[in-house]
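Visitor: Dropping a structure here in structure tokens format, bear with me for questions.
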Amino acid sequence: QVQLVESGGGLVQPGGSLRLSCAASGNIFRLYAMGWYRQAPGNQRDLVATVTRDGRTNYVDSVKGRFTISRDNAKNTVTLQMNSLKPEDTAVYYCNAQVSQTPTATTLAYWGQGTQVTVSS
């Protein structure tokens, strides 16, 4: 099995910063794309940012210029640096990873348990 454990959420004032981290562990042969999604109450889970194994990034328009995603392939971690936070960024943030557990296995998607980010004065 594969586990994704997130950390770094919390309460921050508008304009502030938070850093989310996610560590993958377990039966991992290779991690492919990793990313962050978020879900606000009453909404669907939406993409925030992704990063490929070779470092190519993709962001939803609403966070471009404010959020930065990065990864450490040696440590199986992905990080989301969030700056200039706005109240509309409030949501539960989920880590996602595309994982193969053997050289020939199908790649499967795994999710973390989620971490709450609240932006409020």
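Visitor: So, in the range 63-95, how many residues would count as being assigned to a strand (DSSP E or B), touching a Ser or Thr at 6+ places or on another chain (Cβ under 8 Å), touching a residue at least 24 places away in the same chain (Cβ under 8 Å) and within 12 Å of Ala33 (Cα to Cα)?
Guide: Total meeting the criteria: 4.
Visitor: What's the number of the only condition in (1) under 12 Å from the mean Cα position of the chain (by Cα); (2) of a type in the set (A, V, I, L, M); (3) not in a strand (DSSP E or B) that Val48 fails to meet?
Guide: For Val48, the exception is condition (3).
Visitor: Would you check which residues across the range 18-39 are within 15 Å of the chain's Cα centre (by Cα) and either surrounded by 20 or more Cβ atoms within 10 Å (Cβ to Cβ) or not in a strand (DSSP E or B) (or both) and list them?
Guide: Leu18, Leu20, Cys22, Ala24, Leu31, Met34, Gly35, Trp36, Tyr37, Arg38
Visitor: Still on this model: Being surrounded by fewer than 14 Cβ atoms within 10 Å (Cβ to Cβ) and either within 13 Å of Ala97 (Cβ to Cβ) or touching a Cys at 6+ places or on another chain (Cβ under 9 Å) (or both) is the filter here; which residues of the range 43-62 pass it?
Guide: Correct list: Arg53 only.
Visitor: Based on what the data block shows, is Asn76 modelled with pLDDT of 95 or more, of a type in the set (S, T, N, Q), more than 13 Å from Ser17 (Cα to Cα) and surrounded by 14 or more Cβ atoms within 10 Å (Cβ to Cβ)? Let's see the steps before the verdict.
Guide: Values: modelled with pLDDT of 95 or more: yes; of a type in the set (S, T, N, Q): yes; more than 13 Å from Ser17 (Cα to Cα): yes; surrounded by 14 or more Cβ atoms within 10 Å (Cβ to Cβ): yes.
Yes, satisfied.
Visitor: Give the number of residues within the range 105-121 that are of a type in the set (Ser, Thr, Tyr), surrounded by fewer than 17 Cβ atoms within 10 Å (Cβ to Cβ) and within 16 Å of Glu6 (Cα to Cα).
Guide: Initially, the range 105-121 is screened for residues of a type in the set (Ser, Thr, Tyr), giving 106-107, 110, 115, 118, 120-121.
Add one more test, that the residue is surrounded by fewer than 17 Cβ atoms within 10 Å (Cβ to Cβ), and what stays is 106-107, 118, 120-121.
Subset that is within 16 Å of Glu6 (Cα to Cα): 118.
Here the count works out to 1.
Visitor: Right, something else. Of (1) among the β-branched types (Val, Ile, Thr); (2) surrounded by 14 or more Cβ atoms within 10 Å (Cβ to Cβ); (3) part of a loop (DSSP other than H, G, I, E, B), Thr102 satisfies all except one. Which?
Guide: Every listed condition holds for Thr102 apart from (2).
Visitor: Looking at (1) assigned to a helix (DSSP H, G or I); (2) of a type outside the set (S, T, N, Q); (3) under 11 Å from the mean Cα position of the chain (by Cα), find the lone condition where Val5 falls short.
Guide: All conditions are met except number (1).
Visitor: Kindly establish whether Pro14 is open to solvent by 40 Å² or more (accessible area, probe 1.4 Å), modelled with pLDDT under 95 and not hydrophobic (A, V, I, L, M, F, W, C).
Guide: Considered against the rule, which asks whether it is open to solvent by 40 Å² or more (accessible area, probe 1.4 Å), modelled with pLDDT under 95 and not hydrophobic (A, V, I, L, M, F, W, C), Pro14 comes out as no.
Visitor: Do the conditions hold for Gly65, that is, is it among the small types (Gly, Ala, Ser), open to solvent by 50 Å² or more (accessible area, probe 1.4 Å), within 18 Å of Gly114 (Cα to Cα) and over 12 Å from the mean Cα position of the chain (by Cα)?
Guide: On the way: among the small types (Gly, Ala, Ser): yes; open to solvent by 50 Å² or more (accessible area, probe 1.4 Å): yes; within 18 Å of Gly114 (Cα to Cα): no; over 12 Å from the mean Cα position of the chain (by Cα): yes.
Criteria not met by Gly65.
The values are calculated or read from the model by the stated rules, or taken from the named source; none is laboratory data. As the structure is a prediction and not an experimental result, all values here were calculated from the model. A quick note on method: Cβ atoms are made from the backbone with ideal geometry, for glycine too, and the neighbour counts reach across all protein chains shown. Only protein heavy atoms, including side chains, enter the accessible area calculation; ligands, DNA and RNA are left aside. Shrake-Rupley method; radii C 1.70, N 1.55, O 1.52, S 1.80 Å.
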